[in-house]
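Structure first, then comments.
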Amino acid sequence: MAGKIKKLMPRVVFSRLAGLYQRMEDSYNRVASEIGLTCQGCPDNCCNSFFQHHTRVEWAYFLRGLDQALPDIRQKIIRRAHDYVDRMQTQRSPGKEPLLMCPVNFDGLCMLYQHRLMVCRLHGVPSRHTTPRGQTWEFPGCFICREKTEHLHNIPRLDRTGFYHELAWLEQSFAGPGIVKMDRVDLTLAEMIVKGPP
């Protein structure tokens, strides 16, 4: 990641992002299998969690998936996204996060599953990552996961560090040198849909 930032063609970046996503999924599945974690029968739904996303490359890749959806599905998602943003602005207040279903979730299923973002792929299992300054952050996983691991001394964890580094490199490769002057991305998926391409 050091050195001059070089902008790559979107198709090249998207191909590498798809590969990164597959490695994330493989790692998630491996840790979930060790723990015995499954989402089947869960009384909660992670798709109503208030997730914010931070990369233009994921934003653009997701909208590419939206563009490929059937026209009626695409229009319904866009309408839902506008409704989500309106309701989010009403519900959000200091110390309180909105509880709203993701506009891409139809009857419990993600309609753009192959294009879902990193947070959607890694949420649930215990994980850790090490910051560039050497600090290590650990996450216990979802409440079902915490119940399954509370008796364990050595809890299996997914290490996100390498994934974060690679995603940061892809973000720079997608945005190019101008990234140093760009504002930070801090948007829900619904806001990304409403705003359009980054």
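Every read-out reported here was derived from the displayed coordinates using simple, explicitly stated rules and does not represent laboratory data. On a predicted model such as this, the values are computed, not experimentally measured, just so you know. Backbone-built Cβ (ideal geometry, glycine too); neighbour counts: all protein chains shown.
A few points about this structure:
- Of Leu66, Asn45, Ile155, farthest towards positive along the dipole that unit charges on Lys, Arg, Asp, Glu beta carbons give segment 1-160: Leu66
- Tail weight of P(r) past 17 Å, computed on alpha-carbon pairs of segment 101-198, percent: 66
- Here the dipole of the chain is about 700 debye; that uses its Cα centre as origin and unit charges on the Cβ of Lys and Arg (positive) and Asp and Glu (negative).
- Ignoring lysines fewer than eight residues from Lys96 along the same chain, the ones with Cα atoms less than 24 angstrom from its Cα are Lys195.
- Normalised by the number of residues in segment 23-123, the average gap of Cα pairs under 8 Å and 6 or more apart makes the relative contact order 43 percent.
- In this simple spin-label model, placing a label point 7 Å from the Cα along the Cα-to-Cβ direction at both Thr90 and Lys7 gives a separation of 4.1 nm.
- Percentage relative contact order, the chain, counting C-alpha pairs under 8 Å, at least six apart: 40
- Proximity of backbone amide H atoms, modeled 1.01 Å from N, is registered between Phe106 and Met111 at under 5 Å, excluding neighbours fewer than 5 places apart on the same chain.
- Highest mobility in the GNM of the chain, judged by mean-square fluctuation with C-alpha springs under 10 Å and restricted to Leu20, Leu37, Leu152, is found for Leu152.
- Computed over the chain, the per-residue total of -39500 (n - 2.57) for DSSP H runs of n ≥ 4 gives a 222 nm mean residue ellipticity of -15000 deg cm²/dmol, rounded to 500.
- Sequence-distant lysines (8 or more away, or on other chains) whose Cα lies within less than 21 Å of Lys4: Lys181
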